[in-house]
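The values are calculated or read from the model by the stated rules, or taken from the named source; none is laboratory data. Only a predicted model underlies this, so the values are computations on that prediction, with no experimental measurement involved. Reconstructed Cβ throughout: ideal geometry from the backbone, glycine too, with neighbour counts over all protein chains shown.
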Amino acid sequence: MAIELLSAGEDCRSCKEPLVQPFLEGTMLQKSQFDIGKSNTNQPMTATEAGFYDVHLWEFPIMTMLKLLIIGECTAEPYIDASLTYISEVDPMWESDLLTLVLNPEAVVFANPIASMVCAADCVAVTAGKDNLAAYFCAGCDGNLYPLTGHIYANDDAVRTSSLITQRLLTKLHRQGMLMRTMGADAMCEKTWEYFTPRSQYRLSMLFPTPEAKGPDCCHRLGDSVHDWSTLKGGRKKIGNDNYVYMLWRYNDCCVRYVPGV
């Protein structure tokens, strides 16, 4: 028997201040003595030219926590409670573009003006309601997906930046095998490895600083224009808030095996 489920699987948050947890009401995990989670550059840049964001991933299996669906085959991750599964402050690759380039050499091919033109077309496709899986190096209207680090070199819109950082994290974790594909016939009974983010598998919903669910829609596609899902709802960026929290909804195809005599 096949079951299709769109469940809240992860909770992503992008932060300007290292080790702060917006999900825990701004709790600071630790005061760093060695500037952990901060990026340094030899060339001064203004706030509108560059920025650096840390990002955290919490597993938030709401269906399991509420005991609404307890089927092993339909549980993408083995968590039973909220769990912190990734924190960029202790990941050296999240801070270094050069180190990330060594492990992701395709960034040289995709980080160029021609790829940017393709990403502009990808933005149009996402706006039209299509998940263009062929443009796997793009982040829709958020721009180019590369490099897979916390560095942003066109920090003109904090909301769009937080959305781009979230997509970079998804691609990075899919590449490392920390996230898997749970959608499709071949992933129905067992999740499979996917080198790039299967964008049609996910939906995002901003929780903080402005809950997206207050509007007509609960969530949006990866790479959808912020002018579509954020501006019209108001409160795009509240003064004093440089941290953003998103609920990541994951589409999960699963099969329930038939056991004779049960």
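Observations on the model:
Yes or no, residue by residue, for (1) modelled with pLDDT of 80 or more; (2) part of a strand (DSSP E or B); (3) touching a strand residue (DSSP E or B) at 6+ places or on another chain (Cβ under 8 Å); (4) not acidic (D, E):
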site: S200; (1), (2), (3), (4): yes, no, yes, yes
site: D217; (1), (2), (3), (4): no, no, no, no
site: H227; (1), (2), (3), (4): yes, no, no, yes
site: V259; (1), (2), (3), (4): no, no, no, yes
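- Scanning the range 102-137 for residues that are in contact (Cβ under 8 Å) with a residue 60 or more places away in the chain and assigned to a helix (DSSP H, G or I) returns D122, C123, V126, T127.
- Residues in the range 120-127 include at least one that is buried (at least 22 other Cβ atoms within 10 Å of the Cβ) and touching a Leu at 6+ places or on another chain (Cβ under 9 Å).
- Here the condition is being closer than 16 Å to R250 by Cα, charged (D, E, K, R) and crowded, with 22+ Cβ neighbours inside 10 Å; of R203, R199, it holds for R199 alone.
- Annotation note: Cβ proximity below 8 Å between a residue of the range 158-172 that is touching a residue at least 40 places away in the same chain (Cβ under 8 Å) and hydroxyl-bearing (S, T, Y) and a residue that is part of a helix (DSSP H, G or I) and surrounded by fewer than 24 Cβ atoms within 10 Å (Cβ to Cβ) (sequence gap 6+ or interchain) occurs for S163/V226.
- Condition check for D131: under 21 Å from W249 (Cβ atoms) and among the acidic types (D, E): yes
- Scanning the range 88-101 for residues that are among the polar types (S, T, N, Q) and not in a helix (DSSP H, G or I) yields a total of 1.
- Of everything listed in (1) at pLDDT 90 or above; (2) closer than 20 Å to L84 by Cβ, the single unmet condition for V245 is (1).
- For T171, the stated conditions hold: it is of a type in the set (S, T, N, Q), assigned to a helix (DSSP H, G or I), buried (at least 21 other Cβ atoms within 10 Å of the Cβ) and modelled with pLDDT of 90 or more.
- Residue list for the range 65-80, filter: modelled with pLDDT under 75 and not hydrophobic (A, V, I, L, M, F, W, C): G72, E73, T75, E77, P78, Y79
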